[in-house]
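Below is one structure, written out as structure tokens; the observations come after it.
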Amino acid sequence: MLFHIETLGCQMNVLDSELASAALIEAGFALAPSREEADLVLFNTCSIRQHAEDKVYSALGRLKPWKTANPGKMIGVLGCMAQKDKESIFRRASHVDLVLGPGQLERLPGLVRDIFEARQATKVLSEEPRPPLQRLEISLDRARSGHEEVRESFRKFDPHRLPEVRENRFQAMVRIMFGCDKFCSYCIVPSVRGPEQSRDPREIEQEIRVLADQGCREITLIGQTVNSYRYKSGERTFRLPDLLETAAGVEGIRRIRFVTNYPKGMTNDLLQAVRDLPKVAPYFHVPAQSGSESVLKRMRRHYRPEEYFELLQRIRETVPGAAITSDFIVGFCGETEEEFLQTKTMVRTGRFKNSFIFKYSERPGTKAAELYSDDIPEEIKRRRNNELLEVQDEISLELNREFLGKTVEILVEGPSGKGESQLLGRTACDRIVAFDGPTELIGEFLSLEITAALPFTLLGTTSFEYKPERSVAH
Ligand code: 5AD
Ligand code: SF4
């Protein structure tokens, strides 16, 4: 049986799709060469903004004629939208066979089999009650059940890692924690991804060793708020700096990243671990969301802009040359022009390597949706979004220009898609470098001299000797 999976949303979903594919392959399924040829089409969905959900519903709509023409095929909706919209997905798209929340992924192969068996059973006339042809499996609603019960209903999912289902063999993500307990007022994640749960550090280490044996050179430790990682084992509590040290001890791993961080709880020992462990990239993704104290309060972020600026200073003092990136939301409920200008000032003075900027999208079930009105008109959100991007692009270009003439070390990722021999690689600080070279270099670390700087890309040349050691600039 052939399957095809489409992924929307964040790195967590990219990893879930990889793991779901590995689990299906281990259970005897195979990847389809295209969506049309698949027997099972899966959408791994995102609920962070309305737009991500609209995309899935319209893709499902477009698949309806295909399903009608091929009634033997199956369509599954996985991920955050499955947990959020539950059985209403069947009402909006009656040709969907399976709705499976992110805390239930381990059941995917079994459920697909169950649905196929149920179909066979309906073909046989019998007195037995018929098994269901559509299945909904989601975790408990966080607002309606006890903490322990809810936690247990968001099951951990860590099947074997198969390099053939990853984009490449030399890079991989490793989940260190599930869920989120921060409850920022605008955010749906805590309700769809469930309570924060840190994985056992021994399991994480084992997984990194397996990945290294499979040829992986760069790992990214992922979680919604990785700096909240905490695992108690006997007398000892393991935290993110301990994990970084463990990961750095794995032979074969050359580069380690960790995303995403919450601005509070960026402890000095974490910054020092980044400074002291050469394999750990001096790269910090610490979303600020807003530069206005009153907006941050309405967002329930629990820090003030001054504290965020202090953090930037502390990172830069401890880890000189570190790249810092951020996320911002514009047009949050009641955001005045003055509040927006404070965010603009933060983007200008924060000197982020890059920022991801989003227009606020109201999410039903969140505190913001309950307490405030989504009152900023779309055209104002769009204008603020563009203004912020403009400021950020100027800063990104200025920071990229500092690399002119410098040597950087990159991991070569693949062809750029532009020009026959142009390849792309990434520095430890997540800067993309384009250069000319043979495809044999893909998966290799390489030193390049930077010859040109654009806001999102650097251009480099290999015209000098290759030095495998850690390079001077990140
Ligand atoms: N609307 C717009 N952006 C959002 N984000 C989270 N929730 C929303 C929302 N309701 C953004 C935040 C977060 C990033 C992953 O998505 O900036 O850091
Ligand atoms: Fe959402 Fe806030 Fe948790 Fe990030 S920290 S996932 S923005 S609730």
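The values are calculated or read from the model by the stated rules, or taken from the named source; none is laboratory data. Only a predicted model underlies this, so the values are computations on that prediction, with no experimental measurement involved. Glycine also receives a Cβ, built like all others from the backbone with ideal geometry; neighbour counts cover every protein chain displayed. Surface areas here come from the heavy atoms of the whole protein model, side chains and all, with no ligands, DNA or RNA. Shrake-Rupley method; radii C 1.70, N 1.55, O 1.52, S 1.80 Å.
Approximating the spin labels as points 7 Å out from Cα along Cα→Cβ, the Thr461-to-Ala27 distance works out to 5.4 nm. Stretching the chain fully between Glu148 and Glu87 yields a gain of 19.5 nm (0.36 nm per residue, less the alpha carbon separation). The accessible area of Thr7, taken with all protein chains in place and a 1.4 Å probe, comes to roughly 60 Å².
Roughly how many debye, to the nearest 20, is the charge dipole of the chain about its Cα centre, given +1 on each Lys and Arg Cβ, -1 on each Asp and Glu Cβ, and no other charges? Kindly include the intermediate steps, with their values, before the conclusion.
Numbers: 67 positive and 71 negative charges, 133 e Å.
With only Lys, Arg, Asp and Glu charged at Cβ, the dipole is about 640 debye.
When nucleic acids and ligands are ignored and a 1.4 Å probe is applied, Met299 ends up with an accessible area of around 0 Å². Here the stretch 349-422 and the stretch 96-126 have alpha carbon centers that stand 41 Å from each other. Dividing the Cα radius of gyration of the chain by 2.2 N^0.38 Å, with N the residue count, gives 1.02.
Angle between the Cα long axis of helix 11-26 and the longest principal axis of the chain, 0 to 90 degrees, nearest 10? Helix 11-26 sits roughly 50 degrees off the main axis of the chain. The distance separating the Cα centre of the stretch 1-32 from that of the stretch 260-315 comes to 33 Å. By the Cβ rule of 4.7 Å, the chain holds the following cysteines without a possible disulfide partner: Cys10, Cys46, Cys80, Cys180, Cys216, Cys333, Cys429.
For the chain, the longest principal axis of the C-alpha atoms and the axis of helix 108-123 are separated by about 20°.
Mind ranking Lys406, Lys73 by accessible surface for me, highest first, 1.4 Å probe?
Numbers: Lys406 95, Lys73 35 Å².
From most exposed to least exposed: Lys406, Lys73.
Think of it as helices only: each DSSP H run of n ≥ 4 in the chain is worth -39500 (n - 2.57), and spread over all residues that comes to -11000 deg cm²/dmol at 222 nm. Placing unit charges on the Cβ atoms only, positive for Lys and Arg and negative for Asp and Glu, gives the stretch 262-351 a dipole magnitude near 200 debye about its Cα centre.
Solvent-accessible surface of the chain, taken per residue with a 1.4 Å probe and all protein chains present: 45 Å². Of the listed residues Ile204, Ile48, the order by accessible area with a 1.4 Å probe, largest first, is Ile48, Ile204. Fraction of C-alpha pairs exceeding 15 angstrom in the stretch 254-296: 49 percent, rounded to a whole number.
Among the GluC sites (Glu not before Pro) in the stretch 302-407, those located in a DSSP loop and surrounded by at most 12 other Cβ atoms within 10 Å of their own Cβ are Glu402. With a 1.4 Å probe rolled over the protein heavy atoms of all chains, the accessible area of Arg316, Arg236 falls in the order Arg236, Arg316, largest first.
Note: relative contact order over the chain, using C-alpha pairs below 8 Å and six or more positions apart, is 9 percent.
Gain on full extension, evaluated as 0.36 nm per residue between Thr407 and Ser233 minus their Cα-Cα distance, stands at 58.3 nm.
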